Amino acid sequence: MAPGKKGILERLNAGEVVIGDGGFVFALEKRGYVKAGPWTPEAAAEYPEAVRQLHREFLRAGANVMQTFTFYASDDKLENRGNKLSFTGAQINEAACDLARQVANEGDALVAGGVCQTPSYLSCKSEADVKAIFKKQLDVFVKKNVDFLIAEYFEHVEEAVWAVEVLKETGKPVAACLCIGPEGDMHGVSPGECAVRLVKAGAQIVGVNCHFDPMTCVKAVKMMKEGVEKAGLKAHYMVQPLAYHTPDCNCQGFIDLPEFPFGLEPRILTRWDMHKYAREAYNVGIRFIGGCCGFEPYHIRAVAEELAAERGIMPAGSEKHGMWGAGLEMHTKPWVRARARRDYWENLKPASGRPLCPSLANPDGWGVTKGHADLMQQKEATASQVRSRHMLRSGPSLFSMSLDQFV
């Protein structure tokens with residue numbers, strides 16, 4: 001951490017609002033640098049300028065945490081289901097740390113090294129085996145001296161606890177996020193109980209990321225906060241949700257939607273939705289507020305703009321963005337100029353332009369979790385077998401995707 005910069009706990013202890021970044025995996029897939037399916041982050045080593053530029057865009061949008069692009073960068077995931085890479089896990093993790101640090105040093109941002117759930121856990125390997133996977137990534141984060149650590153995207157609190165126990169050995173601050181909604185983790189452990197277990201394991205910051213829309217995630221974190229307080233414990237809280245509307249999701253979240261992952265665009269939240277999200281998160285006591293899959297820099301800018309008064313600063317990217325559409329006052333067409341006002345955008349109900357499409361989907365509900373054959377780690381791809389089972393379960397569908405494409 002550069003001299004003069006405050007650490008993550010120092011900021012949160014002072015009541016400051018910390019803005020996280022957005023969804024690198026989805027953003028870089030759309031830009032042509034990440035392969036959908038394995039979702040692994042070799043772009044950090046293969047296309048460093050693309051990753052660096054996205055970091056810069058989030059920094060300019062107001063983010064003051066640069067997460068290393070190390071989602072699914074554990075060795076077992078990098079080698080799973082026929083995935084063949086030209087880079088080692090260590091090379092990818094080191095490159096990701098370097099890129100995040102370079103951009104963080106361009107502003108008042110911190111670097112967070114991140115680990116996430118593993119195929120080893122889903123394949124019922126031992127606690128020692130799973131912890132060894134985390135330890136390999138952690139060795140790189142220690143070597144590169146990241147500012148704090150995040151264990152994120154865990155469907156099972158048990159594995160998240162194991163991750164926290166490994167991360168806390170460094171003495172660095174530890175945040176932990178589950179990808180759960182109000183129903184709890186995949187074994188039915190409530191958000192409140194999940195948070196208590198994470199805090200007792202050593203996490204100073206707890207929360208939720210991915211799988212659900214902002215308001216659903218805020219609700220789940222509120223339940224976490226209530227559980228921690230009821231247990232007489234203390235923690236800070238974070239939320240990094242999807243940028244997609246998910247009112248029709250079950251406990252597995254957006255992965256069960258038939259539109260996942262290539263047909264989600266009609267569900268994208270507007271920048272104005274993000275203002276509401278940021279305010280709601282702040283009002284329930286969450287002070288680390290960011291985004292996950294679907295979040296683009298303009299979404300993060302909206303979060304930063306909504307909380308500009310609380311932060312005492314506007315993001316650099318706002319120099320090209322009039323608050324609540326103010327820049328439209330310069331538009332040629334008078335009816336567009338008339339939209340340069342907050343009440344117009346705040347109350348707009350956007351049309352989808354898709355009159356033949358339903359408002360809600362019927363999520364796939366396979367109900368598979370840790371230990372199921374379809375989730376077991378494989379050296380080779382198994383798509384054909386899974387497709388056959390899927391056809392038997394639900395019949396042919398243009399958008400059918402197997403659950404294990406995102407685990």
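The values are calculated or read from the model by the stated rules, or taken from the named source; none is laboratory data. Owing to the predicted nature of the structure, the values given are computational and were not obtained by experimental measurement. Please note: Cβ atoms are built from the backbone with ideal geometry, for glycine as well, and neighbour counts cover all protein chains shown.
For the stretch 189-211, state whether one or more residues are assigned by TED's automatic domain parsing to the domain that holds residue 296, in a helix (DSSP H, G or I) and among the β-branched types (Val, Ile, Thr).
The answer is yes; a qualifying residue exists.
Can you name the number of the only condition in (1) touching a residue at least 60 places away in the same chain (Cβ under 8 Å); (2) in a loop (DSSP other than H, G, I, E, B); (3) crowded, with 16+ Cβ neighbours inside 10 Å; (4) out of contact with any Gly (no Cβ under 8 Å at 6 or more places or on another chain) that residue 41 fails?
(1)
Any residue that is over 19 Å from residue 63 (Cα atoms), in contact (Cβ under 8 Å) with a residue 12 or more places away in the chain, out of contact with any Asp or Glu (no Cβ under 6 Å at 6 or more places or on another chain) and not charged (D, E, K, R) - is there at least one of those in the stretch 273-292?
yes
If we scan the stretch 91-103, do we find a residue that is within 30 Å of residue 312 (Cβ to Cβ), among the small types (Gly, Ala, Ser) and in contact with a Pro (Cβ under 7 Å, 6 or more places away or on another chain)?
No, the stretch 91-103 has no match at all.
Tally the residues that are out of contact with any helix residue (DSSP H, G or I) (no Cβ under 8 Å at 6 or more places or on another chain) and either closer than 22 Å to residue 185 by Cβ or at pLDDT below 95 (or both), restricting the search to the stretch 222-239. Break it down stepwise before answering.
Residues of the stretch 222-239 out of contact with any helix residue (DSSP H, G or I) (no Cβ under 8 Å at 6 or more places or on another chain): 222, 229, 232.
When the remaining residues are screened for being either closer than 22 Å to residue 185 by Cβ or at pLDDT below 95 (or both), the result is 222, 229.
Of the residues in the stretch 222-239, 2 are out of contact with any helix residue (DSSP H, G or I) (no Cβ under 8 Å at 6 or more places or on another chain) and either closer than 22 Å to residue 185 by Cβ or at pLDDT below 95 (or both).
When residue 6 is evaluated against the numbered criteria (1) part of a loop (DSSP other than H, G, I, E, B); (2) touching a residue at least 40 places away in the same chain (Cβ under 8 Å), which criterion, by number, is the only one it fails?
(2)
Of all residues in the stretch 296-345, how many are of a type outside the set (A, V, I, L, M), out of contact with any Lys or Arg (no Cβ under 8 Å at 6 or more places or on another chain), in contact (Cβ under 8 Å) with a residue 60 or more places away in the chain and part of a helix (DSSP H, G or I)?
Final tally of qualifying residues: 3.
Is it fair to say residue 336 is β-branched (Val, Ile, Thr) and modelled with pLDDT of 95 or more?
So residue 336 passes the test.
Quick one: count up the residues across the stretch 14-28 that are in contact (Cβ under 8 Å) with a residue 60 or more places away in the chain and assigned to a helix (DSSP H, G or I).
3
Of everything in the stretch 242-284, what is in a helix (DSSP H, G or I), in contact with a strand residue (DSSP E or B) (Cβ under 9 Å, 6 or more places away or on another chain) and among the aliphatic types (A, V, I, L, M)? Give them in sequence order.
Matches in the stretch 242-284: 278, 281.
Take the conditions β-branched (Val, Ile, Thr), in a strand (DSSP E or B) and over 21 Å from residue 358 (Cβ atoms) and apply them to residue 239. Does it pass?
Against the criterion (β-branched (Val, Ile, Thr), in a strand (DSSP E or B) and over 21 Å from residue 358 (Cβ atoms)), residue 239 qualifies.
So which helices (runs of 4 or more DSSP H) stay within the stretch 63-164 end to end and still have 2 or more residues that are assigned by TED's automatic domain parsing to the domain that holds residue 298 and in contact with a strand residue (DSSP E or B) (Cβ under 7 Å, 6 or more places away or on another chain)?
Passing ranges, in order: 89-104, 127-143.
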